[in-house]
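Visitor: This structure is in structure tokens; I'll ask about it shortly.
The values are calculated or read from the model by the stated rules, or taken from the named source; none is laboratory data. It should be emphasised that the depicted structure is a prediction, and the values quoted were computed from it without experimental measurement. All Cβ positions, even for glycine, are placed from backbone atoms using ideal geometry, and neighbour counts span all protein chains on display.
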Amino acid sequence: MMNDETGQFEQRLSRRPLRQIPAGWRTELLTAAREASAPCPASPVGRHGWLTTFNRQLATIFWPHPTAWAGLAVVWGFILAMNVSLREPSPRLAEISAPPSPEMMVELRKQQLLLAELIGPREPCDAERSRNVAPRPRGVRAELVAV
Amino acid sequence: MKMPAGLDIARLYDEHAQSLYALLLNFTRNEADTRDVLQEMFVKLAREPNLLTGIRAERAFLIRLAHNAAIDLMRRRGTRERTKENYAAEIISPFAPANDPDEKVFCDELALALGELPAEQRAVVHLKLWSELTFEEIAAALDIPPNTAASRYRYALDKLRDRLRPLYEEMKKAE
């Protein structure tokens with residue numbers, strides 16, 4: 001009963017005629033398809049096959065968002081320019097600065113000697129000291145602690 | 001202006017354009033959009049004739065191509081609709097204009113009810129009722145399992161029947 005009703009309903013729907021495709025579209029769409037599939041006429045640029053292919057590849061890559069790619073290129077250009085302009089002065093400064101005078105060298109040497117006297121000879125630090133002690137059994141260590 | 005060997009684009013048009021047009025119109029409800037998608041499809045087929053190489057179910061393949069193109073278009077149109085207020089004025093029914101007033105009302109309501117269905121259910125209903133494909137063929141065309149196609153059809157038909165019941169009962173009584 002229910003299936004019968006469903007069947008009738010389906011039939012009623014499927015009998016509704018659909019809108020027909022406009023007659024003029026056939027010529028228009030087929031012409032567009034044929035034009036799209038036709039090879040491009042020979043041009044001066046076409047002679048350089050690899051250049052044309054390269055251009056097409058580039059166009060394919062950049063086509064989705066050309067503005068975004070251009071923006072990215074500008075930003076990179078700016079970063080490169082900044083990098084170059086900041087790096088340039090350093091070698092010049094080194095060239096311009098004069099070598100230290102003999103008096104200054106003597107003074108520097110004195111300061112180094114004074115510093116060496118103040119610090120004294122180098123002693124091994126705690127970490128090195130503990131590394132030099134050979135490990136003992138636990139019992140011995142416990143006795144040492146107790147003492 | 002020579003077509004690639006092995007692909008008769010005119011034959012493809014004559015055999016499939018009408019059913020693809022109806023399917024696309026049911027999706028887009030806009031003649032200009034339908035034309036754009038159809039043209040895009042035929043241009044693609046002309047440019048890449050190898051697309052059909054080794055395809056046994058030509059119709060199913062073209063339906064899948066049209067369906068995917070329509071979904072892409074609907075996504076794009078979703079963005080466009082937000083900025084286009086008078087869009088509703090352009091919507092057209094996928095059904096041929098009817099002379100009988102009752103038939104006209106029924107067709108208009110059916111078109112509205114179809115428009116309210118989710119796109120995936122609408123595609124199955126269209127292919128089953130108006131392209132007369134089996135669930136296996138629909139499954140192959142839409143790249144879904146046959147059981148999914150059948151269940152989508154049942155859900156969609158239930159919704160349509162509920163939506164059109166008053167009109168349908170009235171028309172049955174009148175007969």
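Visitor: Please note which helices (runs of 4 or more DSSP H) are completely contained in segment A:1-94 and include at least 1 residues that are modelled with pLDDT under 90, among the basic types (Lys, Arg) and under 30 Å from B:Glu169 (Cβ atoms).
Guide: A:2-14
Visitor: Do you know which of the residues in segment B:41-59 that are under 16 Å from B:Gln18 (Cβ atoms) and more than 13 Å from chain A (Cβ to nearest Cβ) is surrounded by the fewest Cβ atoms within 10 Å (Cβ to Cβ)?
Guide: B:Glu58
Visitor: Yes or no: segment B:140-149 includes at least one residue that is closer than 20 Å to A:Phe9 by Cα and either within 10 Å of another protein chain (Cβ to nearest Cβ) or at pLDDT 95 or above (or both).
Guide: Residues of segment B:140-149 that are closer than 20 Å to A:Phe9 by Cα, as a first pass: B:149.
Going one step further and asking which of them are either within 10 Å of another protein chain (Cβ to nearest Cβ) or at pLDDT 95 or above (or both), we end up with B:149.
Yes, there is a match, as at least one residue in segment B:140-149 is closer than 20 Å to A:Phe9 by Cα and either within 10 Å of another protein chain (Cβ to nearest Cβ) or at pLDDT 95 or above (or both).
Visitor: From B:Arg29, B:Arg35, grab the single residue that is facing chain A (nearest Cβ under 9 Å), basic (Lys, Arg) and either touching a residue at least 24 places away in the same chain (Cβ under 8 Å) or closer than 21 Å to B:Ile71 by Cα (or both). Break it down stepwise before answering.
Guide: On the way: B:Arg29 fails: facing chain A (nearest Cβ under 9 Å).
Residue meeting the stated conditions: B:Arg35.
Visitor: May I pose another question? What's the number of the condition B:Arg161 fails, among (1) within 12 Å of another protein chain (Cβ to nearest Cβ); (2) touching a residue at least 24 places away in the same chain (Cβ under 8 Å); (3) out of contact with any Lys or Arg (no Cβ under 6 Å at 6 or more places or on another chain)?
Guide: The number of the failed condition is (2).
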